[in-house]
Each structure stands twice: as C-alpha cells, then as structure tokens.
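The values are calculated or read from the model by the stated rules, or taken from the named source; none is laboratory data. The structure presented is a predicted model; accordingly, all values stated were derived computationally and were not measured. When we count neighbours, we look across all protein chains shown, and the Cβ atoms used for this are built from the backbone with ideal geometry, even at glycine.
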Amino acid sequence: MSKVQKNQDAKDTDVVNSDDDQKNIEKSQEDLESKVEIKAEDESEREEKKDESEIEEQVVLTKEDIVDLKKKAEERDSFLDKLLRTRAEYSNYQKRMRKEHETIAQFAIQDLVLDLFPELDNFERAIKLADSSKDIDKFVEGIKLIEDQLFKVLGKYGVKAIETVGKSFDPNLHEAVLEEDNDKLPHHTIIEELQRGFILKERVIRPSKVKVSKRTVEEEVSDKESDDIKNDNSLTS
C-alpha cells in the first residue's frame, strides 16, 4: 500500500470517529433534556397535589363553623327583610303624603268660603229689603256695611286692597288704562280707580286698573323752572 493511500484511510477514519462523537453528544443532550422534562413534570404534579391537599384542608369545616355560617345567613336574611319592609313603608308614606297634600290643596279655601257665607246671607237680606222698601239711602248704607264686612274677611286671610287715587303710578301695582291731561297734578298721578286691585301677603294677585294724569313736556319743564326759582329765592332770603 502506498503512503498516499494510508493517509487517505487515516482521514476517512477520523471523519467516521468525528461523526460518532457528534451523535454521542446529541444523544447525551436528548437524554438530559428528557430527564429535565420528566423532573419538571414530577415537580408540577407534586405542586398540584400539594395545592389540592391545602384546599381540602381549608374546605374542611368544624361544627362550630357550620353553626356560625348558618347564624350569619339568618342575620343576612333578617337584614334583607327589614330593608324591604322599610322600603315598602317609605313608599307607602310618600303616597300618603301626596294624597294628603292633594286633599289640602282641594280644601285650602274652605275656611274662607265658610267666612263668606254670612256676607252672602246679608246680600240676600239686603236684596229682599230693597224689594219691599223705598228707602234707597238705607239700602245703600246696608250695602256699604256688607262691603266693609267682606274686606274684614279678606284681611283675615292676608288680602288687602291696593291704594290708588292720589298715589303715583307704580307699574308693579297698577295698570294704566286711561290718561287724562291735567296741569295741576304731577305726571302719572292716579286720578281715578277703575277696578280695585288686591295684594295677598305682599304678592299682587290683581293689579288696580286706573286713570292717570298726563302732562306735556313743556309743562314739566315749566314746573321744574318754577321749583328752581323758588329754591333760589329761599336760599337768598
């Protein structure tokens, strides 16, 4: 055998040995990985069994625990029942209050109406008297008396008439229906009441309809100048 042939055989032998070594290494790695996986699975199973065991230990209840749980359940049911009863009672209370308020609103003027009945009786008597009597002055006097009584009844409930004649016009209290030229009174002074107005406890429930005085701009300026002259004279005197 030649020297070249020997060298070639040696190289082939080395290659074969190298392949065998590589296979052995790979097999060792696979065996190691398999062992690691088996160990991990074993540990996982042990952990699961341990957890199950702990859960079973926790679930185990004594007779005292069971009695205590039953007692708490009964207390819960009792509180829930009280809550439902309270809610129902409150709902009934609201309905009752609404009904009472509606009743009060419907009969709020009952006392006023009862107080007006005697004055209606007086009107009936006055009308009968007018039919049988020719004394007009006495009849008018009776009507005025009834009017006074009516205003007393209204005053009892906080109703009063709005002042008008001689007062300055107030749009919050009065409604100007007519104007009349008048150079003797200040502008928009009420000179006649056409319909009486009323206040109920500081609230206007019907404004007065009135006639007011009217002055031209020239008259207003003239009066102002006269007032200024009077003031100057009073200062110099």
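Some points to look at:
- The listed residue being under 30 Å from L145 (Cβ atoms), in a helix (DSSP H, G or I), at pLDDT 85 or above and not β-branched (V, I, T), out of F123, F117: F117
- Selected residue (criterion: farthest from the chain's Cα centre (by Cα)) from residues of region 95-153 that are surrounded by 13 or more Cβ atoms within 10 Å (Cβ to Cβ) and β-branched (V, I, T): I143
- Search result, residues across region 126-176 that are in a loop (DSSP other than H, G, I, E, B) and over 20 Å from F198 (Cα atoms): S133, K134, D135
- Residue count for region 156-169, restricted to those that are touching a strand residue (DSSP E or B) at 6+ places or on another chain (Cβ under 9 Å) and either under 30 Å from I109 (Cα atoms) or at pLDDT below 90 (or both): 8
- Pair list, Cβ under 9 Å, 6 or more apart: region 192-205 residue within 13 Å of Y157 (Cβ to Cβ), other residue surrounded by 13 or more Cβ atoms within 10 Å (Cβ to Cβ) and polar (S, T, N, Q): F198/S208
- Flag: V140 does not match the condition of being within 22 Å of D115 (Cβ to Cβ), among the aliphatic types (A, V, I, L, M) and not assigned by the TED database to the domain that holds P207.
- Qualifying position, being without any contact (Cβ under 8 Å) to a residue 60 or more places away in the chain, aliphatic (A, V, I, L, M) and closer than 28 Å to V204 by Cα, among V140, V153: V153
- Residues of region 175-200 satisfying the condition of being within 29 Å of D111 (Cα to Cα) and either surrounded by 16 or more Cβ atoms within 10 Å (Cβ to Cβ) or within 37 Å of the chain's Cα centre (by Cα) (or both): G197, F198, I199, L200
- Tally of residues being of a type outside the set (D, E, K, R) and not in a loop (DSSP other than H, G, I, E, B) across region 177-194: 6
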